[in-house]
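Single-structure report; data block below.
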Amino acid sequence: MSKQLSPRERALTALKRQVPDRVPKFADFSAAVYDTFVAKTGAPPPLKSPWSVWTGRPTVTFEQDGGLSDPANYFGYDVRIIEFGDTRLEYDFSNYLPRDLPRERTRIDEWGIAEVKLASGISDFVRPLALSQSLSDIEKFPFPDVTAPYRREIARQRIQQVQAKGYAAVGWPPFVGGTFFETAWRLRGLDTFLIDLLCSPIKNSQNACSTKSLS
């Protein structure tokens with residue numbers, strides 16, 4: 001294809017299994033990788049995160065251009081991540097998290113996932129549904145209102161802003177990576193979630209799964 005495509009056209013062409021003018025570009029940075037990006041490029045760190053709140057930085061406001069401090073601009077990504085508007089609700093996760101978490105080093109997101117900064121500089125995560133034992137426990141959990149109309153309206157406005165600049169917009173729920181798999185294991189813990197899959201009553205009608213059977 002000889003025609004030069006816009007970033008959005010390029011991404012859509014690839015998704016349709018057609019041949020774009022070049023391969024679309026996109027990457028997601030962890031907080032540590034982003035710090036390396038800033039150190040290596042000399043780009044000023046933004047006040048708002050230009051890609052994902054899961055990095056531990058606040059979510060982006062698309063009304064402002066992050067300039068070259070945004071890796072998407074620096075590397076010329078074809079895709080921009082869109083997240084829902086902030087929640088208006090306050091959540092109580094006291095029944096799902098340890099009471100001795102260090103307040104000055106702990107951030108709890110709207111899913112109840114606690115990020116605890118360790119002395120080494122890395123983070124440990126406490127999963128709010130790690131100890132749940134039944135479907136009833138899951139149903140009682142205060143899930144965030146990510147599908148609320150007022151939050152979807154903010155997402156719609158952000159999509160329009162991104163598309164007006166010629167980029168492809170990809171949306172996902174805040175904090176949890178945007179897929180059912182990512183949401184599930186981040187709430188439950190990866191090891192526990194994988195064991196859940198193995199011991200699911202869909203797979204095992206007797207729902208019998210012991211430590212011995214897994215050894």
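The values are calculated or read from the model by the stated rules, or taken from the named source; none is laboratory data. Remember, predicted model here, so these are calculated numbers, not experimental data. FYI the Cβ positions are ideal-geometry reconstructions off the backbone, even for glycines, and counts take in every protein chain you see.
Things worth noting here:
- From the list 94, 136, 120, 132, the lone residue that is within 19 Å of residue 190 (Cβ to Cβ) and polar (S, T, N, Q) is 132.
- Cβ-Cβ under 6 Å pairs, at least 6 apart or on other chains, region 105-131 side part of a loop (DSSP other than H, G, I, E, B) and crowded, with 19+ Cβ neighbours inside 10 Å, far side at pLDDT below 90 and not hydrophobic (A, V, I, L, M, F, W, C): 110/87
- Whichever residue in region 31-47 is buried (at least 17 other Cβ atoms within 10 Å of the Cβ) and part of a loop (DSSP other than H, G, I, E, B) and, among such residues, is modelled with the lowest pLDDT: 46
- Of all the listed residues (28, 65), the sole one being touching a strand residue (DSSP E or B) at 6+ places or on another chain (Cβ under 9 Å) and either modelled with pLDDT of 85 or more or part of a loop (DSSP other than H, G, I, E, B) (or both) is 28.
- Counting the residues of region 78-104 that are among the β-branched types (Val, Ile, Thr), surrounded by 18 or more Cβ atoms within 10 Å (Cβ to Cβ) and more than 30 Å from residue 25 (Cα to Cα) gives 0.
- Taking residues in region 14-28 that are surrounded by 13 or more Cβ atoms within 10 Å (Cβ to Cβ), and partners anywhere that are acidic (Asp, Glu), the pairs with Cβ atoms closer than 8 Å and at least 6 places apart or on different chains are 20/9; 24/78; 25/78; 26/78.
- For region 142-153, the tally of residues that are surrounded by fewer than 17 Cβ atoms within 10 Å (Cβ to Cβ) and either of a type outside the set (D, E, K, R) or under 18 Å from the mean Cα position of the chain (by Cα) (or both) stands at 8.
- Selection within region 130-172 - among the small types (Gly, Ala, Ser) and closer than 25 Å to residue 73 by Cα: 155, 164, 166, 168, 169, 171
- Scope region 68-118; condition out of contact with any helix residue (DSSP H, G or I) (no Cβ under 7 Å at 6 or more places or on another chain), modelled with pLDDT of 85 or more, of a type in the set (Asp, Glu) and over 20 Å from residue 141 (Cα atoms); matching residues: 100, 104
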